[in-house]
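Have a look at the structure below, then the notes.
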Amino acid sequence: MSCDISVIIPPHRIGRIAHTTMRSLFRAVEYADLKAITTEIVIVMDKPDEETKEYFSRYENSELLIKTVNFGDLGLTRNFGVNLSSGNYITFLDDDNLYGKNWIYESVRYLEENNDVDIIVHPEYHITFEAENLIWHQISSNDNDRFNAANLIEYNYWDSVCATKKQILLKYPYQSTTGSKGFGFEDWHFNCETLAAGIEHHIVPGTVHFMRKKRTGSLATFTLQDNRIIRPTKLFEPAIFKSFLENN
């Protein structure tokens with residue numbers, strides 16, 4: 001049966017830390033349900049350790065859809081979850097991060113209001129905790145005063161939490177990174193490819209995502225230490241990139 005939105009979580013070696021993530025997710029699901037938004041939860045464990053498998057075993061007889069894969073790759077794990085899902089829309093949540101209570105409802109509401117166009121939406125704020133305490137105010141790609149595509153050469157405008165139509169994620173899947181020497185930053189590449197295809201990235205006002213910055217062992221740290229780069233992307237092809245610069 002189809003639902004309004006599917007939430008995909010890719011646990012790896014997280015163990016009981018995932019409990020706070022799941023509590024934030026259940027709270028967001030309950031809030032959306034009160035407003036008649038139906039949610040599916042898809043758990044795709046990628047090479048999970050024993051502690052992670054033990055924690056998620058508590059949900060085996062629940063309505064959650066749980067699968068185990070052996071990719072060793074975050075992008076491929078997300079793609080697997082997208083293909084399993086039944087939601088009209090898809091959103092992601094990393095296994096140690098937290099949703100703001102209204103993210104599921106507000107992202108679906110925003111996408112429904114703009115259903116005649118293909119867009120990808122993100123929370124208005126990221127709040128990082130643990131190794132760093134920061135507030136990251138995100139901006140929309142159609143914000144002509146603040147958005148500049150040239151900045152994507154240096155950094156990523158949007159983190160992994162997004163929501164969009166399922167067919168967009170099927171057409172523009174995440175590319176393998178951790179299994180391919182030299183390439184990284186799957187979120188950055190996804191953002192560049194979809195922008196190049198004319199898909200705008202919008203911010204949903206009044207929403208927040210809490211992002212754990214690990215002190216050690218994060219995928220981002222590994223990617224930087226390994227001197228990885230993004231894959232070639234159509235965004236930086238001369239004609240496409242020039243059009244973005246002219247519009248800015």
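Coordinate-derived values only; no laboratory data. Predicted model, so just to flag it, every value in this text is computed and none were measured. With ideal geometry, Cβ positions are generated from the backbone for all residues, glycine too; neighbour counts draw on all protein chains shown.
Brief remarks follow.
- Pairwise alpha-carbon distances in the chain exceed 31 Å for 19% of all pairs.
- Tensor-based shape of the range 5-146 (alpha-carbon gyration tensor, a/c under 1.5 rounded, otherwise prolate or oblate): prolate
- MRE, 222 nm, helices only [DSSP H, n ≥ 4, -39500 (n - 2.57), over the chain, to nearest 500]: -9500 deg cm²/dmol
- Under-17-angstrom lysine pairs by C-alpha in the chain, whenever the two are 8 or more apart or on separate chains: 5
- Annotation: the residues 4, 187, sorted from fewest to most other C-beta atoms within 10 Å of their own C-beta, follow the order 4, 187.
- Farthest toward the positive end of the dipole of the range 3-247, out of 160, 74, 92, is the Cα of 74, where the dipole comes from beta carbon charges about the Cα centre.
- This ranking places 245, 84, 93 by how few other beta-carbon atoms lie within 10 Å of each, fewest first, which gives 245, 84, 93.
- Cα-centre dipole for the range 3-247 with unit charges at Cβ (Lys and Arg positive, Asp and Glu negative), debye to 20: 460
- GNM result for the chain, Cα springs below 10 Å: residue of 11, 238, 205 fluctuating most strongly: 238
- Residue order, fewest to most beta carbons within 10 Å, for 20, 233, 91, 128: 20, 128, 233, 91
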